[in-house]
Amino acid sequence: MRMEDLIYFCAPARLIMGAGTRAQLPALLQRLGYRHGLLVTDTFFTSATPWVDELVAAARAHGVALMVYDGGMPDPTTTLCDTATAAIRAQCNGEPLDHVIALGGGSNIDLAKALCLSLPGGKPVREFIGMIDSATPILPMIALPTTAGTGSEATPGAILVDPESATKVAVMDNRLRPAVALIDPEFTYTCPPRVTADAGIDALTHAIESYLTLDAARFDRGGDPDPGYSGRNALTMLFAHESIRLCSQYLLRSYQRGEDTEARIGMSHASLYAALSYGSAGLNAVHGIAYAVAGLTHRSHGTTNAVTLPYVLDALRDVRAGEMLAVARLFGIEDPDPHVAVARLPVLVRDLVRDLGIPTTLQQCGIAQDDLETLVKDALGVTRLAKAFPVPDVPVRYAAIVRHAWHGDLSAEAPSMAPRRAA
Ligand SMILES: NC(=O)c1ccc[n+]([C@@H]2O[C@H](COP(=O)([O-])OP(=O)(O)OC[C@H]3O[C@@H](n4cnc5c(N)ncnc54)[C@H](O)[C@@H]3O)[C@@H](O)[C@H]2O)c1
């Protein structure tokens, strides 16, 4: 308990988790009264796995007709969403859909969320950026994540790339949280190492960033009576803490040995728990700077987060020392002196990023030194994230983080003391 907490906690209406649980879905669709749905996925799943055919056949046996759209792409654009909306509406020929299912990583889930908004009225998805009118019809959504993960199955938003501005935009509303999030870890067993690493570091970033973010009692909800994000509270911190513990055990293992089912299941739990934390608490500087890095480099979401995370941690040592000590202990940093232990955490996280085959400096990501000023400006431009960074001098710290991330400087480098990561 935290005495001054103001808890506002939102999650998917139903959470189903466990190896093989996908078999439960067709009967559940029938029980929920659905009859005509859309399955959003990509060609990997229609061509290389039996999951789409199995689900369509089993749903049909339960009286539920599923139309398949397999045009999903990594980092979906607003254009893709609008094209898909037109094609699917034409194919439906006036017969209404009553739910949307997403099978895939964060990209397919986000595309499906956006389609839940755009399909009923056929409007361009850009019209839903910002506050969504409460009268807007939104189709119920079922998320089947195949990566561990973005946690999009538990969050209120869909992230899309806007080709006009080359930046990521969000459509966000608590009604976009899935009616069902079914996490079957077996879906992740086919993830190649690169996808495993990118998604896994995304989960760890979500957990750490939301564990350290602004307190709910100080969070500016902007007068929204139903905020998607509202700062950290005791409940979100419980989930974040457990997620970080699981990542410390299983993230590197799942990357190095994809056939390690315990590690795969562990990371599925880590990803979901991270989402149950950040999906209400929200995020801040890592994602704010990462969006700006992605705008310049078009690197993956996980990579742009990973390259930023150690330097943001380094910048929080003064204001979040207690929480960082707890994270350091979870990662097996045992120095009795808490200052030393906290100082070693960013170094350990940067070593982990390196061990996952991800660049550890902005320079290695291909960013020129001349771009740093623009980068800081773009990152600060994502005001909802900058406002949640729990420091008094946000612009100054953003500038320092970006500078250090470019050079690869951590204030307490101690490579010779690199601790053993928890086994
Ligand atoms: N809405 C949110 O709350 C939220 C949060 C974080 C990230 N995101 C978004 O999620 C996206 C990243 O998602 P991601 O990291 O899950 O990757 P992804 O969905 O972009 O997928 C990357 C690639 O991996 C493949 N893949 C996915 N699962 C696989 C499996 N089980 N086996 C083999 N291949 C598989 C996909 O086909 C794709 O080619 C970004 O666009 C990011 O902006 C959204």
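Here are a few things to note about the model shown:
- Selection of segment 90-120 for residues being among the polar types (S, T, N, Q) and away from the ligand (no atom under 16 Å from the Cβ) yields Gln91, Asn93.
- Qualifying helices (runs of 4 or more DSSP H) (wholly inside segment 229-309; at least 1 residues being surrounded by fewer than 23 Cβ atoms within 10 Å (Cβ to Cβ) and modelled with pLDDT under 95): 285-297
- Inside segment 1-43, residues that are within 15 Å of Ala143 (Cα to Cα) and charged (D, E, K, R) make up a count of 3.
- Any hit, segment 41-51, residues being crowded, with 16+ Cβ neighbours inside 10 Å and more than 12 Å from the ligand (Cβ to nearest atom): no
- One residue from Glu334, Glu323 being closer than 25 Å to Tyr250 by Cα and part of a loop (DSSP other than H, G, I, E, B): Glu334
- Selection status of Arg354, under 22 Å from the mean Cα position of the chain (by Cα), open to solvent by 20 Å² or more (accessible area, probe 1.4 Å), touching a residue at least 24 places away in the same chain (Cβ under 8 Å) and under 20 Å from Leu252 (Cβ atoms): no
- Identity of the residue in segment 322-341, of a type in the set (Gly, Ala, Ser) and under 26 Å from the mean Cα position of the chain (by Cα), that ends up least open to solvent (accessible area, probe 1.4 Å): Ala328
- Condition met for Gly72 (assigned to a strand (DSSP E or B) and touching a Leu at 6+ places or on another chain (Cβ under 6 Å)): no
- Scanning segment 162-197 for residues that are open to solvent by 20 Å² or more (accessible area, probe 1.4 Å) and polar (S, T, N, Q) turns up Ser165, Thr167, Asn174, Thr190.
- Evaluating Gly288 against the criteria (1) free of Cβ contacts under 8 Å to residues at least 12 places away in the same chain; (2) over 20 Å from Ser243 (Cβ atoms) leaves one unmet condition, (1).
- In segment 190-222, the residues that are more than 25 Å from Thr21 (Cα to Cα) and part of a loop (DSSP other than H, G, I, E, B): Leu212, Thr213, Leu214, Phe219, Asp220, Arg221, Gly222
- Some residue of segment 19-30 being within 16 Å of the ligand (Cβ to nearest atom), farther than 30 Å from Pro225 by Cα and either more than 26 Å from the chain's Cα centre (by Cα) or not in a loop (DSSP other than H, G, I, E, B) (or both): yes
- Considering Ile159, Ile138, the condition of being away from the ligand (no atom under 14 Å from the Cβ), touching a Lys or Arg at 6+ places or on another chain (Cβ under 8 Å) and either free of Cβ contacts under 8 Å to residues at least 24 places away in the same chain or open to solvent by 20 Å² or more (accessible area, probe 1.4 Å) (or both) is satisfied by Ile138 alone.
- Failed item in (1) open to solvent by 30 Å² or more (accessible area, probe 1.4 Å); (2) modelled with pLDDT of 95 or more; (3) touching a helix residue (DSSP H, G or I) at 6+ places or on another chain (Cβ under 7 Å), with Val319 passing the rest: (3)
The values are calculated or read from the model by the stated rules, or taken from the named source; none is laboratory data. In this text the structure is predicted, and so the values were computed from the model without any measurement. No Cβ is skipped: glycine too gets one built from the backbone with ideal geometry, and neighbour counts run over all protein chains shown. With ligands, DNA and RNA removed, areas are computed over all heavy atoms of the protein, side chains included. Shrake-Rupley method; radii C 1.70, N 1.55, O 1.52, S 1.80 Å.
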